[in-house]
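Trainee: Here it is, the structure in full.
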Amino acid sequence: MNQDLTLLNLAALQQAYAQGLTNPVAVTRAHLARIAQRNPALQAFVHVCENLALQQAQASAERWASGQPLGPLDGGVMALKDNINVLCMPCTAGTAAYEQRMPAHDAPVYQRLRDAGMVLLGKLNMHEAALGATTDNPVYGRCINPLREGFTPGGSSGGSAAAVADHLCTIAMGTDTMGSVRIPAAYCGVMGMIPTRKRIPTDGIVPLSPTLDVAGPLARSGHDLAQTMACLLGISLPPAAQESVWRGLRVGILPQTAEVEMTPAVHQAWQATQQRLQAQGAQVQTVLLPDWSPARNRLHALLMSEWEGADYWQNALGSELPGLSAGLQKMLHYGARLSAEKRQASQAAIDGLRAQAGALFAGIDVLLLPTTPHTSFAHTEAAPASQADWACLANMLGAPALSFPCPTEGLPVSCQLLAAPGQDERLLSLACALDTFWG
């Protein structure tokens, strides 16, 4: 093929493999070459496993040549956030403390994708210990948004979003505690999805907050995202709907969304998405989640992350937290000192929202929110405190969520759809439909 192989999505790769127009080895080599060219400036990858990638690609090529591919992901190229274990491959969680850490087992999320035939290119940069949303990593470098020099890709899965957006891989895995898959997806103009809490195992992933942590993929198309998530969930992607999946869809809007100050571009995208949904036949209505206060609940989620993160890292490293940056040590020491009353208040806030999830989704199929209140910003600017105000709601509810880019001028803006806990399959069909949603 004369076409740049790094531009092909999973569906196009499958077709090209089936027709013998290219093979997974050629596709893998093309991505490795692009990584070598682009990564010194982007610093999205922290480890490239060229030998393993070519071995896996050769095995995939042989399966395609014999007419026995493993399925729709066979021969796709992926990369993993560097808090996801791969046997005998460095897994640093973005810290100096774990610079020499070599896991003895693969994480189940990697096993499932590998066993589906995906090719692993390497490990991706992240915000230190996943506690932050800029991926300005003091050890492994400042990851750059490929859409604007000097700007953040978001975090903590910033390397994952940057790599997908810049065609360094087709699929990237991230983790998400307060929006860490969806915020980078929003800033980099790609799609991201998280599952219902505990529906995909987080074993073999360096934790931040077990109460809130989930893992999920990022991709440039809804079809690619849905195929990857279906594999992780252990289900088959249902056939494409013959009729519009939007017709009759009940979409909820929370009035508290407007409590968060948003840029004009984000507000316009949120309104345009509602209008487009209605034009496609959806029913948009106001719904109630009485105990949700975006800023207050984001603070509860942050406190939860700080004290549960402190529990993990102090157990792993000792109370002084050697090998972590001074800024991270300060946050974790604050979490460790939180009073029982403050911990109980944050736990009660999260438990209360989860208890209201049933009532929230009783009369709707999905909830619509913007993903972030603003676009990406320069690494030299302070991170806005509000960037996770909307994103962390899904983690607090334990609900699946899908973020997707919206038409705009300038840097990307994004909205997200949340479904009731356990209703991940609904979002998979919507993800595929989003590929043609904007016409």
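Trainee: For region 292-403, give me every one of the helices (runs of 4 or more DSSP H) that falls completely inside it and has 2 or more residues that are in contact (Cβ under 8 Å) with a residue 60 or more places away in the chain, closer than 24 Å to residue 263 by Cα and not assigned by TED's automatic domain parsing to the domain that holds residue 229.
Mentor: Fully inside region 292-403 and qualifying: 294-317, 392-397.
Trainee: Same structure again: Return the only residue of 66, 60 being surrounded by 22 or more Cβ atoms within 10 Å (Cβ to Cβ) and more than 25 Å from the chain's Cα centre (by Cα).
Mentor: 60 is the lone residue from the list that is surrounded by 22 or more Cβ atoms within 10 Å (Cβ to Cβ) and more than 25 Å from the chain's Cα centre (by Cα).
Trainee: When the residues of region 1-40 are narrowed to those that are within 22 Å of the chain's Cα centre (by Cα) and surrounded by fewer than 17 Cβ atoms within 10 Å (Cβ to Cβ), which ends up nearest to residue 93 (Cα to Cα)?
Mentor: Only one residue tops the list, namely 7.
Trainee: Also, I was wondering about something else. Among the residues of region 252-266, which ones are buried (at least 16 other Cβ atoms within 10 Å of the Cβ) and closer than 28 Å to residue 354 by Cα?
Mentor: 252, 253, 254, 256, 257, 260, 262, 266
Trainee: Here's something else I'd like to know. Using beta carbons and a limit of 7 Å, which pairs, at least six apart or on different chains, have the first residue in region 46-73 and closer than 17 Å to residue 19 by Cα and the second one hydrophobic (A, V, I, L, M, F, W, C) and surrounded by fewer than 18 Cβ atoms within 10 Å (Cβ to Cβ)?
Mentor: Going by the 7 Å Cβ cut-off, the qualifying pairs are 63/70.
Trainee: So, residue 411, is that one surrounded by fewer than 23 Cβ atoms within 10 Å (Cβ to Cβ), closer than 21 Å to residue 188 by Cα and either out of contact with any Gly (no Cβ under 7 Å at 6 or more places or on another chain) or outside the structural domain of residue 277 (by TED's automatic domain parsing) (or both) or not?
Mentor: Considered against the rule, which asks whether it is surrounded by fewer than 23 Cβ atoms within 10 Å (Cβ to Cβ), closer than 21 Å to residue 188 by Cα and either out of contact with any Gly (no Cβ under 7 Å at 6 or more places or on another chain) or outside the structural domain of residue 277 (by TED's automatic domain parsing) (or both), residue 411 comes out as yes.
Trainee: Being outside the structural domain of residue 360 (by TED's automatic domain parsing) and free of Cβ contacts under 8 Å to residues at least 24 places away in the same chain is the filter here; which residues of region 240-278 pass it?
Mentor: 242, 243
Trainee: Further question on the same structure: Counting only residues that are among the basic types (Lys, Arg), give me the strands (runs of 3 or more DSSP E) lying completely in region 92-201 with at least 1 of them.
Mentor: 119-124
Trainee: Residues to consider are 162, 185, 172; find the one that is more than 21 Å from residue 432 (Cβ to Cβ), of a type in the set (Gly, Ala, Ser) and in contact (Cβ under 8 Å) with a residue 40 or more places away in the chain.
Mentor: Unique residue meeting the criteria: 162.
Trainee: Which condition from (1) assigned to a helix (DSSP H, G or I); (2) surrounded by fewer than 14 Cβ atoms within 10 Å (Cβ to Cβ) is the one that residue 242 breaks?
Mentor: Status for residue 242: all satisfied but (1).
Trainee: Hey, among 237, 233, which residue is closer than 29 Å to residue 350 by Cβ and touching a residue at least 60 places away in the same chain (Cβ under 8 Å)?
Mentor: Step by step, each of 237, 233 is checked, and only 233 is closer than 29 Å to residue 350 by Cβ and touching a residue at least 60 places away in the same chain (Cβ under 8 Å).
Trainee: Of (1) acidic (Asp, Glu); (2) buried (at least 20 other Cβ atoms within 10 Å of the Cβ); (3) closer than 30 Å to residue 133 by Cα, residue 74 satisfies all except one. Which?
Mentor: (3)
Trainee: List every residue pair whose Cβ atoms lie under 7 Å apart, where the two residues are 6 or more positions apart in sequence or sit on different chains, the first residue falls within region 409-430 and is at negative phi, and the second residue, located anywhere, is assigned to a helix (DSSP H, G or I) and β-branched (Val, Ile, Thr).
Mentor: Cβ pairs passing all conditions: 413/266; 415/273.
Trainee: Got a sec? Which of 61, 65, 53, 79 is touching a helix residue (DSSP H, G or I) at 6+ places or on another chain (Cβ under 6 Å) and more than 23 Å from residue 190 (Cβ to Cβ)?
Mentor: 61
Trainee: What number of residues within region 412-425 satisfy the criterion of being assigned to a loop (DSSP other than H, G, I, E, B) and under 20 Å from residue 260 (Cα atoms)?
Mentor: 1
Trainee: Does region 397-414 contain at least one residue that is farther than 24 Å from residue 274 by Cβ and either in contact with a His (Cβ under 7 Å, 6 or more places away or on another chain) or of a type in the set (Gly, Ala, Ser) (or both)?
Mentor: Yes, region 397-414 contains at least one residue that is farther than 24 Å from residue 274 by Cβ and either in contact with a His (Cβ under 7 Å, 6 or more places away or on another chain) or of a type in the set (Gly, Ala, Ser) (or both).
Trainee: Going through 168, 147 one at a time, which residue ends up being surrounded by fewer than 24 Cβ atoms within 10 Å (Cβ to Cβ), of a type outside the set (Gly, Ala, Ser) and in the same structural domain as residue 48 (by TED's automatic domain parsing)?
Mentor: From the options 168, 147, the qualifying one is 147.
Trainee: Please give the number of the condition residue 298 fails out of (1) of a type in the set (Lys, Arg); (2) crowded, with 21+ Cβ neighbours inside 10 Å; (3) more than 24 Å from the chain's Cα centre (by Cα).
Mentor: (3)
The values are calculated or read from the model by the stated rules, or taken from the named source; none is laboratory data. Bear in mind that the values here come from a model prediction, so they are computed numbers and not experimental data. When we count neighbours, we look across all protein chains shown, and the Cβ atoms used for this are built from the backbone with ideal geometry, even at glycine.
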